[in-house]
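Take a look at the structure set out below.
Each reported figure results from applying straightforward, stated rules to the coordinates on display, with no laboratory input. A quick note: this is a predicted structure, and the numbers were derived from the prediction, not measured. Positions of Cβ are generated from backbone atoms using ideal geometry, with glycine treated the same way; all protein chains shown enter the neighbour counts.
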Amino acid sequence: MSEIAVRPEAAESSYVISVDGVDAGDAQYADVDRTRVFLHTTITPEFEGQGLASQLVAAALTDARAQGMRVVAVCPYVRTWLERHHDFDDIVDPMTQDVRDRLPQPPAPPSPPANG
């Protein structure tokens with residue numbers, strides 16, 4: 001039987017799921033005050049179809065709850081998961097304009113080199 005583990009990677013604002021010590025995917029988030037906004041969930045293709053995304057999301061939400069965080073699901077997978085699993089209804093909030101405005105912005109693309 002495979003060993004599955006989920007670990008928080010606070011420096012990268014993500015939770016990582018591993019199978020037998022090999023990273024298999026992650027759930028990325030951004031914290032806005034006491035709200036954890038889940039942005040994107042990825043499972044590596046060779047690990048798809050094993051229910052890992054569900055285990056990853058459940059563990060990430062459990063950790064967010066333990067930290068006293070509220071949760072907003074921007075990620076379509078997390079949003080759908082929450083619609084099917086109501087164990088976390090007490091910590092889920094809708095996206096608001098205030099939270100949206102305070103999300104970190106992705107870095108701007110690099111400028112093209114100057115012709116000279």
Which of Leu103, Leu61 has the fewest Cβ neighbours within 10 Å, and the rest in rising order: Leu103, Leu61
Using the Cβ atoms and a cut-off under 15 Å, what net charge is assigned to the surroundings of Glu9, where Lys and Arg are +1 and Asp and Glu are -1? -3
Where does the chain land at 222 nm, in deg cm²/dmol rounded to the nearest 500, when only DSSP H runs of n ≥ 4 count, each adding -39500 (n - 2.57), divided by all residues? -7500 deg cm²/dmol
On a full-extension model of 0.36 nm per residue, what is the gain between Gln105 and Thr80, subtracting their alpha-carbon distance, rounded to one decimal in nm? 6.6 nm
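For region 1-110, what is the convex hull volume of the alpha-carbon atoms per residue, in Å³?
Values: hull volume 14.3 nm³, N = 110.
Expressed per residue, the convex hull around the Cα atoms of region 1-110 is 130 Å³.
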